[in-house]
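Participant: Structure in structure tokens, see below.
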Amino acid sequence: AQSVTQPDIHITVSEGASLELRCNYSYGATPYLFWYVQSPGQGLQLLLKYFSGDTLVQGIKGFEAEFKRSQSSFNLRKPSVHWSDAAEYFCAVFFGNEKLTFGTGTRLTIIP
Amino acid sequence: GAVVSQHPSRVICKSGTSVKIECRSLDFQATTMFWYRQFPKQSLMLMATSNEGSKATYEQGVEKDKFLINHASLTLSTLTVTSAHPEDSSFYICSAPRLAGGSSTDTQYFGPGTRLTVL
């Protein structure tokens with residue numbers, strides 16, 4: 001069955017520390033992969049996407065993600081988080097049916 | 001960048017009434033828009049695909065007679081929750097692909113959402 005999983009519901013990171021948010025999917029082929037961020041009162045904003053090519057993808061706000069086919073993963077990383085990065089992060093996947101499937105989200109809290 | 005707006009941002013209504021939510025693409029045309037529903041601390045669930053000039057396509061389990069969708073123009077889609085009940089209380093989000101006529105694999109731009117509370 002096709003699915004996308006974000007194992008971490010809530011992550012707390014100190015400001016300036018590195019961050020990795022996990023995303024795994026289940027699919028027989030390579031899907032299209034996205035990371036979105038949702039801040040209160042604002043729409044989901046696309047951070048980055050992977051369709052093909054270089055498996056390390058650079059996005060906005062200093063984020064990057066790496067597609068690992070062998071692990072069916074597309075983890076989001078940032079070397080040094082800022083207080084403004086506190087938000088809800090969603091991994092989303094197209095499984096070839098033109099419908100975007102979202103993971104359950106990871107809420108990121110930043111502590112001083 | 002592309003902007004999608006929603007109106008209203010928040011609405012409270014009595015049980016049994018109908019509520020209309022608008023989704024507009026502000027600087028691009030969208031022949032297709034998508035409507036999602038998000039429950040607290042949960043993910044976004046696709047409800048339906050709004051198609052300009054034709055009927056909306058609903059996901060399995062979504063009542064098309066309850067959630068009426070009208071794609072009136074290339075920049076406007078509306079979702080009307082008819083005879084709303086407390087269980088319809090949720091966060092409703094629309095999105096539109098940036099390229100007119102593009103498939104849903106194009107980058108989606110999301111509206112800020114509408115919080116519906118049914119008393």
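Participant: Picking from A:Ser80, A:Gly59, B:Thr17, whose Cα lies most toward the positive end of the charge dipole for the protein assembly as shown (charges on Cβ: Lys, Arg +1; Asp, Glu -1)?
Facilitator: Of the listed residues, the answer is B:Thr17.
Participant: What's the Cα-based Rg to Rh of the range B:8-111, Rh via Kirkwood?
Facilitator: 0.95
Participant: While we're here: Quick check for me: using +1 on Lys/Arg Cβ and -1 on Asp/Glu Cβ, what's the dipole size of the range A:19-88 about its Cα centre, in debye to the nearest 20?
Facilitator: Here the range A:19-88 has a charge dipole of around 100 debye.
Participant: Now a separate question. Of B:Lys41/B:Lys64; A:Lys68/B:Lys20; A:Lys68/B:Lys41; A:Lys49/B:Lys66; A:Lys61/B:Lys20; B:Lys14/B:Lys64, which pairs sit farther than 32 Å apart, going by alpha carbon to alpha carbon?
Facilitator: Beyond 32 Å: A:Lys68/B:Lys20; A:Lys49/B:Lys66; A:Lys61/B:Lys20.
Participant: Next question. Starting from the Cα of A:Lys99, draw a straight line to each of the aspartates and glutamates and keep only those under 12 Å, dropping any in the same chain fewer than 8 residues away.
Facilitator: Straight-line reach from A:Lys99, under 12 Å: B:Glu59, B:Asp106.
Participant: In whole Hz, with x marking every Gly and Pro, tabulate ³J(HN,Hα) for the range B:76-89 from phi via Karplus 6.51 cos²θ - 1.76 cosθ + 1.60, θ = phi - 60°.
Facilitator: 9, 10, 10, 10, 10, 8, 8, 6, 5, 10, x, 6, 7, 4
Only the coordinates and a few stated rules stand behind these numbers; no lab work does. All values reported here derive from a predicted model rather than from experimental measurement. All Cβ positions, glycine included, derive from the backbone under ideal geometry; neighbour counts span all protein chains shown.
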